[in-house]
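In what follows, a structure is listed as structure tokens, so that the remarks can point back to it.
The values are calculated or read from the model by the stated rules, or taken from the named source; none is laboratory data. What you see is a predicted model; the values in this text were computed from it and never measured. Reconstructed Cβ throughout: ideal geometry from the backbone, glycine too, with neighbour counts over all protein chains shown. Ligands, DNA and RNA are stripped out before the accessible areas are found, and what is left, the full protein with its side chains, is counted by its heavy atoms. Shrake-Rupley method; radii C 1.70, N 1.55, O 1.52, S 1.80 Å.
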Amino acid sequence: MTDTDTDTGFDTGIAADADIEITADLVRDLLQEQHPDLAGLAIREVAGGWGNQMWRLGDELAVRMQRMDPTPELQLNERRWLPVLAPRLPLPVPTPVRFGEPSERFPKHWTVMTWVAGEPLDLGSISRGAHAADSLAGFLRALHVEAPADAPVSTDRGAHPGNCTDGFESLLQAVAPDHLVADVRKVWDDAVAAPEWEGPPVWVHGDLHPANVVVSDGTLCGIVDFGDMFAGDPAWDLAAAWVLLPAGTASRFFDKYAHADEATIRRARGLAAMKSLFLMLMGRNGDRGLPGGKPTWGPAGRAALDRVLAGGSMERRNDGPGPGPAGGLR
């Protein structure tokens with residue numbers, strides 16, 4: 001990532017490196033050099049992306065080109081771990097099928113992956129909220145198992161909210177409406193006061209936001225972009241109950257997930273507030289025409305923040321299960 005706020009773990013997208021222009025001709029030439037059997041497939045650019053640029057390859061594949069990420073670590077993590085995780089996950093995820101290595105034409109890594117059909121949520125919507133809540137809960141329950149000792153550990157995400165307060169305050173001051181500042185800070189303070197995760201590190205997607213999930217027929221149909229996956233606190237993913245799902249479905253989500261205790265839900269809600277503010281900032285950057293800005297993220301972030309603030313009435317699960325022996329799950 002570039003120009004990352006180390007307190008929040010989110011890339012603001014202000015810096016840019018345009019040394020190499022990635023074009024369809026470049027993608028085809030690279031395929032011809034390293035995977036010539038795929039070079040004849042149709043190539044189409046996919047809008048969006050920041051650390052990596054995506055190109056459709058035929059109907060079933062995509063080429064993920066390292067662009068803004070300063071190191072290949074995120075792509076290499078996907079190559080190493082997605083084939084391990086994908087078979088047990090109940091929603092489609094992209095899986096690597098071919099590796100592209102740095103060359104004179106393109107001195108960075110690239111990967112051919114399966115294409116996950118659907119529309120990114122920041123361009124679509126969820127109308128079947130209960131179904132989406134059940135699907136997301138099932139997906140995260142399957143993902144959140146104890147990670148092996150050699151799983152990646154995030155250097156900028158996964159911390160207890162108390163370690164992210166400076167970054168949260170910066171986001172709060174930058175984009176929160178004045179009349180909501182006190183309410184948002186109250187949610188954050190509650191997350192900071194919550195106990196830390198006591199279970200062993202579990203697999204965490206790490207970057208669940210509306211551009212990294214795809215929808216079809218009014219519900220979730222896939223999860224993408226696992227470059228930030230790490231072993232740690234599941235609360236970073238459980239924030240998606242408010243960041244992704246429609247209003248009024250968070251309680252159903254946590255009922256179906258079934259393994260988040262009160263402290264984890266408190267941390268997740270605070271992290272959801274921070275993620276919502278980040279989406280709002282990226283949306284504002286997009287409205288101002290700044291590099292890396294995402295105009296569609298602003299409305300998504302504000303809607304998510306409203307859901308976070310309305311979530312205070314969600315029933316506390318004081319009798320919910322605590323961390324279990326298998327990565328916090330029982």
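Roll a 1.4 angstrom probe over the protein heavy atoms and tell me the percent of accessible area of segment 225-296 that is carbon or sulfur.
Its accessible area is 48 percent carbon and sulfur atoms.
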Rank by packing, highest mean first: peptides 171-184, 246-259, 229-242, with packing defined as the count of other Cβ atoms within 10 Å averaged across residues.
-> 229-242, 246-259, 171-184
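Rounded to the nearest 0.05, what FRET efficiency do Ser251 and His131 give with R0 = 22 Å and r taken as the Cβ-Cβ distance? Could you check?
Rounded to the nearest 0.05, the efficiency is 0.90.
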Give the distance, in whole Å, between the Cα centre of segment 55-124 and the Cα centre of segment 219-298.
-> 21 Å
The answer for Gly100, listing residues at least 5 apart or on another chain whose modeled amide H is closer than 5 Å to its amide H, is Trp110, Thr111, Val112
Leaving out same-chain residues fewer than 8 places away, which lysines sit with a Cα under 18 Å from that of Lys275?
-> Lys186, Lys294
Distance in nm between pseudo-label sites at Val181 and Thr114 (7 Å out along the Cβ direction from Cα) | 4.9 nm
Taking the Cα atoms only, what angle lies between the long axis of helix 297-310 and the longest principal axis of the chain, rounded to 10 degrees?
-> 20 degrees
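What's the extension gain from Leu123 to Leu41 if we count 0.36 nm per residue and subtract their Cα-Cα distance?
26.9 nm
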Karplus 3J(HN,Hα) series, Hz, for segment 29-37 with 6.51 cos²θ - 1.76 cosθ + 1.60 (x for Gly, Pro) = 5, 5, 4, 4, 6, 10, 9, x, 5
Quick one: if you stick a label point 7 Å off each Cα along the C-beta vector at Val97 and Ala174, how many nm between them?
-> 3.8 nm
Does anyone have the angle between helix 73-85 and the longest principal axis of the chain? Alpha-carbon axes, 0 to 90°, nearest 10?
-> 70 degrees
